[in-house]
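Structure below; questions to follow.
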Amino acid sequence: MLEIINRFILPPVNSTVAGDVDALFTFINVVSVIILLGITVAIVYFSIKYKRKTDDDVTPVIRHNTALEVTWTVIPLILILIVFFWGFRGYVEMRTPPQNAYEVYVTASSFFWQFTHPNGVQTTGELHVPNGRPVKLIMQSRDVIHSFFVPDYRIKQDVLPGRYTTAWFQTNEAVESVVFCTEYCGSGHSAMLAKVISMEPADFNAWLLDAKTESEREMPLADLGRSVYQNQGCIACHSLDGNAGIGPSFKGLFGSNRTFTDGTSREADEEYIKQSIYDPRSQIVEGFTGVMISYQGIIDDQQVNALIEFIKEQN
Ligand SMILES: [Cu+2]
């Protein structure tokens, strides 16, 4: 019965700690419902039983009842201690990554998630993990506070600029779950999603190797530009289809005349694209706000060249 209710009100149970978290949650719910019903019944019963029946029906003055006092102190105390120790045990477990955990670096930026594997493979918006093995996330933010939340795993951890925070989980099934940003971080916050793709260990290893070879293959500049566009999250704000998102679309950008909020204008040449990437706040395109961060130190010259080639291709 409880399980059926839980299936309706809770997300799927896709991590090893999720069952424990749900058990405590269910315990608190059941106790609360029992207390609620008990109090409601008592209120109704007493208001009928002690209703004034005659005009000289006077309420007796009761000053103290030790047995009653002890009962209503001790029972809640026991319940609260159970919840405390149960919760604390779970908290310690969730805060302590196992020694053999697979480590992934997580970088949050407005408004996308990037994941870097130990062998250098980097993905955006998709985290691949081996099923049945603990995974430790070492997280930081490039700009404001974000928060990494996977409801299916019952884990949630703030991600801060200038400091690492960690979280860990182990999946119990090779299925996909959704990552939400759960700290309001700006206009693209609600779209700041990612997928965790849990794979059987053999598939995971094959994927990792594939991704590695792919990233090392020589590719034409414009293709490299496309992969930077996807992997560095430009895609979150710049479309290729001409529709303005949080930033202007790249379609037809190169060679066009840009007007800025300070009233000046110039042609979008190579120099302009580079300046837009390294120092986006120096010129704000009319109709937009300066939410783009500087990619100085994040994207190197070669990648900027690649992006320029890629943007030219969108004409
Ligand atoms: Cu965010």
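Kindly provide the set of residues from the stretch 270-289 that are at pLDDT below 90 and surrounded by fewer than 14 Cβ atoms within 10 Å (Cβ to Cβ), ordered by number.
E271
For every residue, the table says whether it meets (1) of a type outside the set (A, V, I, L, M, F, W, C); (2) near the ligand (Cβ under 10 Å from one of its atoms); (3) in contact (Cβ under 8 Å) with a residue 40 or more places away in the chain; (4) outside the structural domain of T107 (by TED's automatic domain parsing).
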| residue | (1), (2), (3), (4) |
| --- | --- |
| Y153 | yes, no, yes, no |
| F169 | no, no, yes, no |
| E173 | yes, no, yes, no |
| E176 | yes, no, no, no |
| C185 | no, yes, yes, no |
| A191 | no, yes, yes, no |
| V196 | no, no, yes, no |
| E200 | yes, no, yes, no |
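Another one. Go through the stretch 132-151 residue by residue and tally those that are among the β-branched types (V, I, T) and more than 10 Å from the ligand (Cβ to nearest atom). Walk me through it before giving the result.
Restricting attention to the stretch 132-151, the residues satisfying the condition of being among the β-branched types (V, I, T) are 135, 138, 144-145, 150.
From what's left, more than 10 Å from the ligand (Cβ to nearest atom): 135, 138, 150.
Matching residues across the stretch 132-151 total 3.
Exactly one of (1) closer than 20 Å to C185 by Cα; (2) of a type in the set (K, R); (3) surrounded by 20 or more Cβ atoms within 10 Å (Cβ to Cβ) is unmet by R142. Its number?
Among (1) closer than 20 Å to C185 by Cα; (2) of a type in the set (K, R); (3) surrounded by 20 or more Cβ atoms within 10 Å (Cβ to Cβ), R142 violates only (3).
Let me confirm something: among G242, G225, which residue is within 32 Å of the chain's Cα centre (by Cα) and buried (at least 16 other Cβ atoms within 10 Å of the Cβ)?
One residue alone meets the criteria, G225.
Taking the stretch 74-109 only, how many residues are β-branched (V, I, T) and within 16 Å of the ligand (Cβ to nearest atom)?
The qualifying residues number 2.
While we're on this one: Having 3 or more residues that are β-branched (V, I, T) is the bar; report the helices (runs of 4 or more DSSP H) wholly within the stretch 221-315 that clear it.
Answer list for the stretch 221-315: 301-312.
T26 versus (1) polar (S, T, N, Q); (2) more than 30 Å from Q170 (Cβ to Cβ); (3) surrounded by 10 or more Cβ atoms within 10 Å (Cβ to Cβ): which is the lone unmet condition?
With respect to (1) polar (S, T, N, Q); (2) more than 30 Å from Q170 (Cβ to Cβ); (3) surrounded by 10 or more Cβ atoms within 10 Å (Cβ to Cβ), T26 is out only on (2).
Now a separate question. Is one or more of the residues making up the stretch 154-166 out of contact with any His (no Cβ under 6 Å at 6 or more places or on another chain), surrounded by 14 or more Cβ atoms within 10 Å (Cβ to Cβ) and either assigned to a helix (DSSP H, G or I) or among the small types (G, A, S) (or both)?
Here is the first cut: in the stretch 154-166, the ones out of contact with any His (no Cβ under 6 Å at 6 or more places or on another chain) are 154-158, 160-166.
Next, from what is left, pick out any that are surrounded by 14 or more Cβ atoms within 10 Å (Cβ to Cβ): 154-158, 160, 165-166.
Now narrow it down to the ones that are either assigned to a helix (DSSP H, G or I) or among the small types (G, A, S) (or both): none.
Looking for residues that are out of contact with any His (no Cβ under 6 Å at 6 or more places or on another chain), surrounded by 14 or more Cβ atoms within 10 Å (Cβ to Cβ) and either assigned to a helix (DSSP H, G or I) or among the small types (G, A, S) (or both), one finds none in the stretch 154-166, hence no.
The values are calculated or read from the model by the stated rules, or taken from the named source; none is laboratory data. Quantities reported herein were computed from a predicted structural model and do not represent experimental measurements. Here Cβ is always computed from backbone atoms with ideal geometry, including for glycine, and neighbour counts include all displayed protein chains.
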